[in-house]
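Structure first, then comments.
The values are calculated or read from the model by the stated rules, or taken from the named source; none is laboratory data. Every value quoted in this text rests on a predicted model; they were computed, and no experiment measured them. Glycine also receives a Cβ, built like all others from the backbone with ideal geometry; neighbour counts cover every protein chain displayed. Protein only, heavy atoms only, side chains kept; ligands, DNA and RNA dropped before computing areas. Shrake-Rupley method; radii C 1.70, N 1.55, O 1.52, S 1.80 Å.
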Amino acid sequence: MADGTDQKSSNQMWGGRFASGPSAIMEEINASIGFDKKLYAQDIRGSIAHATMLAEKGIISQEDKDKIVHGLNTILSEIKAGTFEFSRKLEDIHMNIEARLATLIGTAAGRLHTARSRNDQVALDFRLWVKEELQKTEGMLTALIAAFLDRAEENADTVMPGFTHLQTAQPVTFGHHCMAYVEMFGRDRARVRHAIEHLDESPIGAAALAGTGYPIDRHMTAKALGFREPTRNSIDTVSDRDFALEFLSIASICATHLSRLAEEIVIWSTPQFGFIRLSDAFSTGSSIMPQKKNPDAAELVRAKTGRINGSLVALLTVMKGLPLAYSKDMQEDKEQVFDSAESLELAIAAMTGMIRDLEVRKDRMRAAAGSGYSTATDLADWLVREAGLPFRDAHHVTGNAVALAEKKGCDLADLSLEDLQAIHPAITSGVFDVLSVEASVASRVSFGGTAPSEVKKQIAWWRGRN
């Protein structure tokens, strides 16, 4: 149980309604300062904008405003210097800062909370934090996309097997494969930009849930804080956490893309594939097997996805049954977002480093590109185009050719003309022009195809984007 002094301090924050301080259990479940102190800069920034507006509208004096701003900047310096003492007795970042402000400037501190509530205050702080995090994520995704564009350009004509069901399907180029991830992370970046646009409204001034009777100027504070405009409904303002859910949704989708890439890196770096070599910077060794070089960075990126997905489900579950407007349940929103943001930043940074540092083993990719009769579709297409067969007939003829090559233990291109003509007499020597992996790749000139010429067009298009 808190002592009398602490009880009095807590009661002053809650008001005269409560005759005694919170029990130890209530204090433990109620306190959020352990994690929401991360919002200190946003809280101080919002309070300065609010105080400036109050003075401009004549709601508080200019003298009090100057004291408040000076005190808040002093607190900001203390927190940055590590000398500020956070107290669990004061519940959260807002009350910790307000209590310290009262110590620094006296009664003027009490005027800061005029025409606002902790409900719109926390909505503002959290929204500002998420907006800044999204802007950081946008920059990191841009760097990852740039890394892939560089590797794609270097390998626009590097032949490798393309897979479906993790079985060799058709030859592609490594550049084309890299551009698939450019598309994925490009969509992630677009979602980030849309999310910034969606949340770009200022909550401050909505107060507890009904707005305020003071003649405030919400457009002024919105502009001062870098928002497009203020929110338009005070009830929705204090109960909305869509911006947090949208951040977690974006993080989950992006983490899924990172995990798919991580899985390919793990597979490609095995001796059985040997398509790439990871740098020592993103690998570890074994404590017992000296020959091992483990792709631990990729594996950890893959694992982060489960953590981020869990955060999304957790917050969706918190929000699903809440009536309007604010409920204390919403205090559980921040830890999930903070943790996911940290995990996503680390995963993107690690993946960007791996992509920039990895060594592409072109010889191994080329050797694997022709395995599994990967040019079979090219033979079928040739039979349709040159011999006039219906595709289903061409498919059957090609299947017979594959069976013969398998029996002989050779590739399709190694079958003799006589072998092929025994399967279908319409086949001519021209078929050998399409049975090499290089010819197959070069022929895929449809928009978005794997032909090196087309890959280079897509690289140029992406380089022209912001």
TODO: Starting from residues that are out of contact with any strand residue (DSSP E or B) (no Cβ under 8 Å at 6 or more places or on another chain) and of a type in the set (V, I, T), keep the ones in the range 125-171 and report whichever is nearest to G46 (Cα to Cα).
DONE: V130
TODO: List every residue pair whose Cβ atoms lie under 8 Å apart, where the two residues are 6 or more positions apart in sequence or sit on different chains, the first residue falls within the range 445-458 and is within 16 Å of V159 (Cα to Cα), and the second residue, located anywhere, is aromatic (F, W, Y) and assigned to a loop (DSSP other than H, G, I, E, B).
DONE: E454/F447
Open item on the list: Would you confirm whether or not the range 52-59 contains a residue that is of a type in the set (V, I, T), open to solvent by 30 Å² or more (accessible area, probe 1.4 Å), assigned to a helix (DSSP H, G or I) and in contact (Cβ under 8 Å) with a residue 40 or more places away in the chain?
Closed with: yes
Open item on the list: Checking the structure you have, find out if any residue of the range 189-197 is outside any helix (DSSP H, G or I) and crowded, with 22+ Cβ neighbours inside 10 Å.
Closed with: no
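Could you identify the single residue in L420, L379, L435 that is hydrophobic (A, V, I, L, M, F, W, C), at pLDDT below 90, more than 30 Å from W268 (Cα to Cα) and out of contact with any Gly (no Cβ under 6 Å at 6 or more places or on another chain)? Before you say what the answer is, go through the steps one by one.
Values: L379 fails: more than 30 Å from W268 (Cα to Cα); L435 fails: more than 30 Å from W268 (Cα to Cα).
One residue alone meets the criteria, L420.
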Task: All positions within the range 303-341 that are open to solvent by 30 Å² or more (accessible area, probe 1.4 Å) and small (G, A, S) - done: A303, G306, G310, A314, G321
TODO: Answer yes or no: is there a residue in the range 342-359 that is assigned to a helix (DSSP H, G or I), farther than 30 Å from F126 by Cα and free of Cβ contacts under 8 Å to residues at least 60 places away in the same chain.
DONE: no
TODO: Mind listing whichever residues of the range 198-232 are part of a loop (DSSP other than H, G, I, E, B) and under 26 Å from the mean Cα position of the chain (by Cα)?
DONE: D200, P203, L225, G226, F227, R228, T231
Task: Selected residue (only one of R218, R241 is open to solvent by less than 60 Å² (accessible area, probe 1.4 Å), of a type in the set (K, R) and under 21 Å from T52 (Cα atoms)) - done: R218
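Listed here are the residues, each with its yes/no results for (1) touching a strand residue (DSSP E or B) at 6+ places or on another chain (Cβ under 8 Å); (2) surrounded by 15 or more Cβ atoms within 10 Å (Cβ to Cβ); (3) closer than 25 Å to D217 by Cβ.
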{"residue": "S61", "(1), (2), (3)": "no, no, yes"}
{"residue": "L76", "(1), (2), (3)": "no, yes, yes"}
{"residue": "F86", "(1), (2), (3)": "no, yes, no"}
{"residue": "H94", "(1), (2), (3)": "no, yes, yes"}
{"residue": "L101", "(1), (2), (3)": "no, yes, yes"}
{"residue": "A123", "(1), (2), (3)": "no, yes, yes"}
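In the range 439-448, which residues are buried (at least 16 other Cβ atoms within 10 Å of the Cβ) and either under 15 Å from C178 (Cα atoms) or not hydroxyl-bearing (S, T, Y) (or both)? Talk me through it step by step, then tell me what you get.
Within the range 439-448, the first condition is being buried (at least 16 other Cβ atoms within 10 Å of the Cβ), and the residues that meet it are 440-444.
V441, A442, R444 - these are the residues of the range 439-448 that are buried (at least 16 other Cβ atoms within 10 Å of the Cβ) and either under 15 Å from C178 (Cα atoms) or not hydroxyl-bearing (S, T, Y) (or both).
Could you say whether any residue in the range 111-132 is outside any helix (DSSP H, G or I) and among the polar types (S, T, N, Q)? Break it down into steps so the answer makes sense when it comes.
To start, the set of residues in the range 111-132 that are outside any helix (DSSP H, G or I) comprises 112-117.
Filter once more, keeping what is among the polar types (S, T, N, Q): 114, 117.
The answer is yes; a qualifying residue exists.
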Task: Subset tally (residues that are more than 45 Å from the chain's Cα centre (by Cα) and either of a type in the set (A, V, I, L, M) or open to solvent by less than 70 Å² (accessible area, probe 1.4 Å) (or both)) for the range 410-427 - done: 11
Task: Among (1) assigned to a loop (DSSP other than H, G, I, E, B); (2) at pLDDT 95 or above; (3) surrounded by 16 or more Cβ atoms within 10 Å (Cβ to Cβ) - the single one P22 does not satisfy - done: (2)
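Conditions (1) in contact with a His (Cβ under 7 Å, 6 or more places away or on another chain); (2) free of Cβ contacts under 8 Å to residues at least 40 places away in the same chain; (3) hydrophobic (A, V, I, L, M, F, W, C), marked per residue:
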residue: G409; (1), (2), (3): no, yes, no
residue: A422; (1), (2), (3): no, yes, yes
residue: E438; (1), (2), (3): no, no, no
residue: S443; (1), (2), (3): no, no, no
residue: A460; (1), (2), (3): no, yes, yes
Task: Lone qualifier among A156, A146, A152 - being open to solvent by less than 10 Å² (accessible area, probe 1.4 Å) and assigned to a helix (DSSP H, G or I) - done: A152
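Residues that are part of a helix (DSSP H, G or I) and under 16 Å from the mean Cα position of the chain (by Cα): does the range 169-182 have at least one?
So the first thing to find is which residues in the range 169-182 are part of a helix (DSSP H, G or I), and the list is 174-182.
If we keep only those that are under 16 Å from the mean Cα position of the chain (by Cα) as well, we get 181-182.
Yes, some residue in the range 169-182 is part of a helix (DSSP H, G or I) and under 16 Å from the mean Cα position of the chain (by Cα).
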